[in-house]
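Notes follow the structure.
Quick note: the coordinates plus some simple rules give every number you see, no bench work behind them. Computed from a predicted model, the values in this text were never measured in an experiment. Here the Cβ positions follow ideal geometry from the backbone for every residue, glycine too, while neighbour counts run over all protein chains shown.
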Amino acid sequence: MTTMNHPTSSSSEPMVRLRDLSVSFSGGRKPVQAVSGVSLEVRRGEVVALIGESGSGKSVTLRTLLRLHPERRTRIGGQVQVAGRDVLAMPARELDDFRGKVASMIFQEPLLALDPVYSVGAQIVESIRRHESVSKAEAHQRALALFERVRIPSPERRLAAYPHEMSGGMRQRAMIALALACKPQLLLADEPTTALDATVQIQILLLLRELQRDLGLSVIFVTHDIGAAVEVADRIAVMYAGRIVEEGTARELIRSPRHPYTIALLKSRAHGALARGARLETIGGAPPDLSALPPGCAFAERCALATDACRAAQPPVVELAPKHRARCIHTDAAAAIAPTLVA
Amino acid sequence: MDALKDIGGPAQPLLTITGLVKHFPLKKDPLGRGGGVVRAVDGVDFEVLKGETLGVVGESGCGKSTTARLLMQLIAPTRGEVIFDGREVGGRELPLKEFRRQVQMVFQDSYASLNPRLTIEDSVAFGPQVHGVGRREAVARARDLLARVGLEPQRFAERYPHELSGGQRQRVNIARALALQPRMVILDEAVSALDKSVEAQVINLLLDLKAEFGLTYLFISHDLNVVRYVSDRVMVMYLGQVAEIGPADALYDAPAHPYTRALLSSMPSMDPDHRTEEAALAGDPPNPINPPTGCRFHPRCALAAPVCSQVVPEPIATGARHAASCLVHEAGSGHPMAVPLARAA
């Protein structure tokens with residue numbers, strides 16, 4: 001194939017380009033609109049965190065990048081491009097080659113993601129040999145090097161271990177090794193540290209940061225924990241009810257959030273600077289029903305700044321600064337209620 | 001059902017735990033190998049004062065949830081004593097049923113802890129009926145409580161657990177815990193599974209209820225920020241033992257135990273310009289089956305000295321109502337950083 005058929009080789013091309021992505025699931029009583037119009041770009045070597053609460057569509061967006069949803073019950077609209085390739089148009093065979101080789105995923109619960117009846121080493125060897133024609137011995141050597149890379153102590157012995165024989169942090173390292181086995185360019189991380197203790201979480205976050213830097217990976221990191229996002233991400237996109245409501249560099253998003261939902265999220269955290277007994281600022285109400293989304297801003301019902309215009313139509317995306325966007329018509333008023341969090 | 005009376009006066013601790021131990025035996029394989037015990041809780045002493053919130057933090061496997069279950073007598077302790085307001089739990093003066101009316105518990109999994117076949121109103125009204133309240137009165141009280149925790153009875157009383165969101169279910173669990181008008185509530189990771197915005201609502205509710213009903217809380221969580229925010233005092237556990245206990249602000253601002261320091265510096269920085277550069281602790285928490293000798297934290301401790309693997313540290317006062325089990329603070333312990341005995345005396 002010539003370079004023209006391989007847009008992957010162009011380095012100005014973003015690693016991930018989502019255009020107006022919408023995902024809905026049928027099968028329940030009413031179809032559920034999990035993602036409605038997400039546009040996002042991730043450059044090569046960039047780390048973007050998608051944050052949001054349960055049901056915000058962050059994991060659904062991530063899984064769409066590998067087409068992991070059940071085909072028959074899922075309707076996907078819009079464009080999904082990874083490394084210049086149209087993921088939605090890929091035939092099954094090409095999709096198999098793509099998964100693991102170009103883009104790879106790590107999950108929240110490695111015990112469910114890893115196969116319980118094979119040793120971890122065997123799973124890595126299988127993955128390598130699925131994608132590359134190398135001997136078993138060579139694949140084993142690479143698995144060993146990967147285990148050393150993710151700093152698993154006594155790696156040779158641990159390769160022979162089954163997932164249930166490892167501790168939580170060790171399993172997460174093993175899953176990262178498996179995800180990196182075929183040298184992907186894009187790593188998709190779905191809440192990889194949520195189930196871990198704080199002391200182990202920070203180790204895994206630092207490991208991800210180091211691997212990303214050394215291997216030049218693009219990473220999309222899905223989490224509900226702003227603190228974890230700040231530790232790893234260059235940019236943060238905040239999702240609510242299937243839309244990205246605010247997007248900016250980690251610094252801007254923490255220092256000068258402009259969407260009322262981002263602001264409310266930051267304010268509702270209990271943090272060290274907060275006096276005991278002072279009430280936490282809460283977001284009243286609950287997230288909207290995804291099978292009956294309102295025509296206007298989905299957050300309006302819970303928003304202190306909402307006006308009739310918010311409820312009437314989808315607010316447009318407002319460009320606040322280069323790379324800082326919010327989907328809100330009251331960003332100026334929101335600036336006044338933004339918290340001053342970090343010094 | 002009468003309101004519960006204070007017995008020993010405000011100065012007497014509501015709960016006194018002495019020498020609490022829980023060992024879970026391990027099964028031997030057919031050849032008789034293995035066996036041994038999991039030392040889930042291994043010699044824990046503490047008090048919970050009337051009207052305070054005692055926070056409990058630690059990594060998984062440190063014994064914080066086992067401690068809660070031992071307090072509720074959901075599992076029998078191997079050894080140790082639980083005294084509630086001056087009376088021994090399970091003794092003649094305070095039978096188990098009576099104790100459990102006074103102490104209630106809220107669990108992490110809001111769904112698993114509700115009976116799926118009972119409407120939430122029936123769930124909340126169930127406990128009081130067991131304790132001899134008539135059905136009509138119990139239901140009326142359940143409706144009051146549901147309203148109090150923010151679930152309008154007209155809309156919610158007849159619903160089943162699966163028809164509610166996680167935050168709403170946890171409110172039901174809180175209402176159920178309060179239905180018996182307890183004096184103390186044990187909250188075992190009660191807000192951990194909730195989304196941040198919902199978590200904040202439930203925390204505010206818990207603080208309001210505490211003030212309204214004069215409750216005492218034992219608040220177990222792995223979220224250090226939340227624990228600081230709700231607790232008067234905090235207890236840090238490590239591998240089945242208490243590493244440090246003290247007033248929340250003192251413990252967070254000036255932690256005395258190296259483990260507490262490591263735990264606190266593992267919290268994400270929330271500052272994009274000063275991200276964490278190094279993990280405070282390497283590796284996972286060790287296994288409570290074969291805990292290290294001496295101080296259990298010594299293999300991961302930055303200050304460990306040879307003596308730490310030989311001597312089990314006792315709790316040493318490091319401030320007002322603040323104690324840490326670390327040889328660094330024990331005069332004459334032989335740790336290079338400890339004050340030698342001669343000078344201390």
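Which FRET efficiency, nearest 0.05, do B:E278 and B:A254 yield, Cβ-Cβ r, R0 25 Å? Walk me through the numbers on the way to the answer.
Details: r = 21 Å, r/R0 = 0.85.
Efficiency, from the Cβ-Cβ distance: 0.70.
Jot down the radius of gyration and Dmax of the range A:110-183, Cα atoms only, both in angstrom.
10.9, 32
As I understand it, the value is the acute angle between the Cα axis of helix A:198-215 and the longest principal axis of the Cα atoms of chain A; what does it come to in degrees, rounded to 10?
Tilt of helix A:198-215: around 70 degrees.
Which FRET efficiency value, to the nearest 0.05, is calculated for A:E132 and B:N290 with the Förster distance at 51 angstrom and r the Cβ-Cβ distance? The partial results should precede the final answer.
On the way: r = 41 Å, r/R0 = 0.81.
Result of the calculation: an efficiency of 0.80.
With labels modelled as points extended 7 Å from the Cα through the Cβ direction, what inter-label distance (nm, one decimal) is found for A:L88 paired with A:A304?
3.9 nm
Using a basic spin-label model with each label point 7 Å from the Cα along Cα→Cβ, how many nm lie between A:A312 and B:A140?
5.1 nm
Using 0.36 nm per residue of separation minus the Cα-Cα distance, give me the extension gain between A:K30 and A:R43 in nm, one decimal. Before the final figure, lay out the partial values.
Values: separation 13, 0.36 × 13 = 4.68 nm, distance 3.64 nm.
Answer, rounded to one decimal: 1.0 nm.
Note down, for the protein assembly as shown, the three equivalent ellipsoid semi-axes (square root of 5 times each alpha carbon gyration tensor eigenvalue), biggest first, whole angstrom.
Working: eigenvalues 372, 234, 120 Å².
Square roots of five times the eigenvalues give 43, 34, 25 Å.
Once phi is turned into ³J(HN,Hα) by the Karplus curve 6.51 cos²θ - 1.76 cosθ + 1.60 with θ = phi - 60°, what whole-Hz value does each residue of the range B:318-329 show in order, with x for glycine and proline?
So the Karplus estimates, Gly and Pro as x, are 10, x, 5, 6, 10, 9, 9, 9, 8, 5, 4, 8 Hz.
For the range A:24-71 and the range A:190-231, what is the centre-to-centre distance using only Cα atoms, to the nearest Å?
After rounding, the separation between the Cα centres reads 19 Å.
In nm, give the distance between the simple-model label positions of B:N204 and B:A317, each being 7 Å from the Cα along the Cα-to-Cβ direction.
4.1 nm
Could you give the spread of the C-alpha atoms of chain B along their three principal axes, from largest to smallest, in whole angstroms?
69, 57, 53
Where the centre of each part is set by its Cα atoms, how far does the range B:41-95 sit from the range B:283-345, in angstrom?
Taking the Cα centre of each part, the range B:41-95 and the range B:283-345 sit 24 Å apart.
The range A:315-330 to the range A:87-153: how many Å between their Cα centroids?
Cα centres, the range A:315-330 to the range A:87-153: 40 Å.
If we count every other residue with Cβ under 11 angstrom of B:G36's Cβ, Lys/Arg +1 and Asp/Glu -1, where does the sum land? Walk me through the numbers on the way to the answer.
Details: positive: B:K27, B:K28, B:R33, B:R39; negative: none.
Neighbourhood net charge equals +4.
Using the crude model of +1 on Lys and Arg Cβ and -1 on Asp and Glu Cβ, and no other charge, please compute the dipole size for the protein assembly as shown relative to its Cα centre, in debye to 20. All intermediate terms of the calculation are to be shown ahead of the outcome.
Working: 80 positive and 74 negative charges, 228 e Å.
Here the size comes out at about 1100 debye.
Among the aspartates and glutamates, which have Cα under 14 Å from the Cα of A:K101 when same-chain residues fewer than 8 positions away are ignored?
A:E126, A:E132
In a Debye calculation with equal point scatterers on the alpha-carbon sites of the range B:54-116 and no solvent, what is log10 I(q)/I(0) at q = 0.23, 0.27, 0.28 Å⁻¹?
For the range B:54-116 at q = 0.23, 0.27, 0.28 Å⁻¹, log10 I(q)/I(0) is -1.11, -1.26, -1.29.
Just flag the trypsin sites (Lys or Arg not before Pro) in the range B:13-74 sitting in loop per DSSP whose Cβ has no more than 13 other Cβ atoms within 10 Å.
On the way: sites: B:K22, B:K27, B:K28, B:R33, B:R39, B:K50, B:K64, B:R69; in loops: B:K27, B:R33, B:K50.
When the trypsin sites (Lys or Arg not before Pro) of the range B:13-74 are filtered for loop state and at most 13 Cβ neighbours within 10 Å, B:K27, B:R33 remain.
Over all alpha-carbon pairs of the range A:167-323, lay out the pair-distance distribution in 10 Å bins, whole %, shortest bin first.
Once binned at 10 Å, the Cα pair distances of the range A:167-323 give 9, 32, 32, 21, 6, 0.
Would you work out the charge dipole size for the range A:110-183 about its Cα centre, treating the Cβ of every Lys and Arg as +1 and the Cβ of every Asp and Glu as -1, and quote it to the nearest 20 debye?
Details: 11 positive and 7 negative charges, 35 e Å.
Its charge dipole is roughly 160 debye.
Below 8 Å between Cα atoms, with a sequence gap of 6+, how large is the relative contact order for chain B in percent?
Working: 649 pairs, mean separation 63.1, N = 345.
Relative contact order here is 18 percent.
Once amide H atoms are built 1.01 Å from N in the peptide plane, which residues 5 or more positions from A:G37, or in another chain, come under 5 Å H to H?
Sorted by chain and number, the residues that satisfy this are A:L21, A:S22, A:V23.
Which value in deg cm²/dmol, rounded to the nearest 500, describes the helix-derived mean residue ellipticity at 222 nm for chain B, given -39,500 (n - 2.57) per DSSP H run of n ≥ 4 and division by the residue count?
On the way: 11 runs with 100 residues, N = 345.
When only DSSP H runs of four or more count, the value is -8000 deg cm²/dmol.
Expressed in nm², what is the orientationally averaged projection area of the convex hull enclosing the Cα positions of chain A? Walk me through the numbers on the way to the answer.
Numbers: hull surface 78.3 nm².
The Cα convex hull of chain A, projected and averaged over all directions, gives 19.6 nm².
Could you tell me which of the pairs A:K267/B:K64; A:K58/B:K196; A:K58/B:K64; B:K50/B:K210; A:K183/A:K323; A:K323/B:K196 are separated by over 23 angstrom between their Cα atoms in the structure shown? Before the final figure, lay out each step's value.
Numbers: A:K267/B:K64 29 Å; A:K58/B:K196 15 Å; A:K58/B:K64 32 Å; B:K50/B:K210 12 Å; A:K183/A:K323 29 Å; A:K323/B:K196 26 Å.
Distance filter (> 23 Å) returns A:K267/B:K64; A:K58/B:K64; A:K183/A:K323; A:K323/B:K196.
Suppose the chain between A:H164 and A:A335 were pulled fully straight at 0.36 nm per residue; how much longer would it get relative to their current alpha carbon spacing? Working shown, then result.
On the way: separation 171, 0.36 × 171 = 61.56 nm, distance 4.89 nm.
So the extension gain works out to 56.7 nm.
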